[in-house]
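Structure, as structure tokens:
The values are calculated or read from the model by the stated rules, or taken from the named source; none is laboratory data. What you see is a predicted model; the values in this text were computed from it and never measured. Neighbour counts are summed over all protein chains in view; Cβ atoms, including those assigned to glycine, are modelled from backbone coordinates with ideal geometry.
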Amino acid sequence: MFWVKFILIAIVVFVLISTVKYLLRKLFKVKKVKRNLFSYNHINETHRKVDKWVRVFTSITLMTLAILMINNKDFTNFYLLGVIGLLGLDYAVRTFFELKYSEYPKQAIITVAEMIMMLTAIFTVFQFWIT
């Protein structure tokens, strides 16, 4: 039953994110930026370096929290906070570089909206998982 809920939530989140991004693009007249699938899409070289360190930090932190959670189920909430915090950090870095160095600074509005929806979705999935 968990997987049915998870897939349903994933579909709803995907549709919601796509709809909100479309509406925000129309509302704020944000030009759609063409991005390659499965690429990092860095704004500049500094963004690439900072993003690399954020990803290394995220990997180490999530592995540590996962080991703690496996050994002690009381750390589930710490893992949730870690995932939410690190996802927020990743989106914050991307938003900062879009605002300061991008050709399309309005794209940061879309990124912030996507971050809020992703964090909400992750929190919702964890709530289903914990209960």
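Structure values in brief
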| quantity | calculated |
| --- | --- |
| So THR19, is it more than 22 Å from GLU103 (Cα to Cα), in a helix (DSSP H, G or I) and among the polar types (S, T, N, Q) | yes |
| Any chance LYS106 is on the phi > 0 side of the Ramachandran plot, of a type in the set (Lys, Arg) and in contact (Cβ under 8 Å) with a residue 12 or more places away in the chain | no |
| Of all residues in segment 74-126 being aromatic (Phe, Trp, Tyr) and at pLDDT 90 or above, the one that is surrounded by the fewest Cβ atoms within 10 Å (Cβ to Cβ) | TYR101 |
| Residue count, segment 100-109 (criterion: closer than 13 Å to VAL30 by Cα and either in a helix (DSSP H, G or I) or under 11 Å from the mean Cα position of the chain (by Cα) (or both)) | 3 |
| Qualifying residue in segment 78-92 (condition: part of a helix (DSSP H, G or I), among the β-branched types (Val, Ile, Thr) and in contact with a Leu (Cβ under 9 Å, 6 or more places away or on another chain)) | yes |
| Every residue from segment 55-100 that is within 20 Å of ARG35 (Cβ to Cβ) and either touching a Lys or Arg at 6+ places or on another chain (Cβ under 9 Å) or of a type outside the set (Lys, Arg) (or both) | LEU87, ASP90, TYR91, ALA92, VAL93, THR95, PHE96, PHE97, GLU98, LEU99 |
